[in-house]
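Scroll down for the structure; my scribbles are underneath it.
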């Protein structure tokens, strides 16, 4: 198994640095790479990635698109298109993974399935403290957490809880994993969905229509969500809601505007940003 971690970011390099530093210490014996896909950040983000790349243990790549509204669907598709792994872990640039995060995703991976992880919510003061201090670890007794049970890693209980599901409750692309071949089959995220919300649930719906099973990860694959202002609402006024409902009503499997629009561009994979003397590591 070769794993590609696709990290979505936009104009928060301080958070992204914590995420990348946390990925650098993963207990992951399999070949893997990290691709940061950027929805139009300024030069500070690339400078941060280049600084982290100096001591990064695995290939670290970067893809960028101009910012023209919230285009997370397109940005994630570009990251997936650039991925070389046969298994893709999706992570947001404000989700700080704990050290067994990748190990847990791989342990629960299975054919014809995708995995949905959770998140430990941090409050604003705790988020500011982590960024200021460069802290990476979160435990169930840490200050400033919501739902402390989500910070508990209990592998045996996690296996008991990981049951097949066919519903769309609590879908969040900030912590998910898929076989890349399955994402290509459904053409990834629907890029017609511009604006915050529903693009991840709509993808999950098409994956279920395709015949995949969803497994929810609890008590494992732990990642801490850094606090920030809300980007939108999932109410009836959300522009993605109607498209999501059409996908459900018509049992859509494959979207028209998706990953296939980027495969030619990334036929040659993006450069590894690590110094050349480390690229054999």
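Throughout, read-outs are computed from the coordinates displayed, never taken from laboratory work. Owing to the predicted nature of the structure, the values given are computational and were not obtained by experimental measurement. As a convention, Cβ positions derive from the backbone with ideal geometry for all residues, glycine included, and neighbour counts pool all protein chains shown.
Dividing the helix sum by the residues of the chain, where each DSSP H run of 4 or more adds -39500 (n - 2.57), gives a mean residue ellipticity at 222 nm of -9000 deg cm²/dmol. For the range 178-238, a/c is not less than 1.5, where a ≥ b ≥ c are the root eigenvalues of the C-alpha gyration tensor, and a/b does not top b/c. That puts it in the oblate class. Based on Cα atoms of the range 1-44, Rg over Rh with Rh as the Kirkwood radius reads 1.02.
Here each label is just a point 7 Å from Cα along the line to Cβ, and for residue 129 and residue 167 those points are 3.5 nm apart. In this rough spin-label picture, where each label sits 7 Å from Cα along the Cβ direction, the residue 242-residue 50 distance is 4.4 nm.
For the chain, modelled as a GNM whose springs connect Cα atoms under 10 angstrom apart, the maximal fluctuation among 134, 79, 195 occurs at 134. Fraction of C-alpha pairs exceeding 22 angstrom in the range 3-269: 54 percent, rounded to a whole number. Springs between Cα atoms under 10 Å define the GNM used for the chain, and in it the highest mean-square fluctuation of 206, 147, 110 occurs at 147.
Our summary gives the chain a relative contact order of 26 percent, counting only alpha carbon pairs under 8 angstrom and 6 or more residues apart. Compute a Gaussian network model of the chain, connecting alpha carbons closer than 10 Å, and tell me which residue from 270, 164, 111 fluctuates the most. The residue that fluctuates most here is 111.
Relative intensity of the range 5-80 on a log10 scale, I(q)/I(0) at q = 0.23, 0.25 Å⁻¹, equals -1.05, -1.20, per a Debye sum over C-alpha point scatterers of equal strength in the absence of solvent.
With both residues required to sit in the chain, DSSP beta bridges show an antiparallel share near 35%. The three principal axes of the C-alpha atoms in the range 1-133 carry coordinate ranges of 37, 31, 28 Å, sorted with the longest axis first. If you bin all the Cα-Cα distances of the range 93-184 at 10 Å, starting from zero, the percentages per bin are 13, 44, 31, 12, 0.
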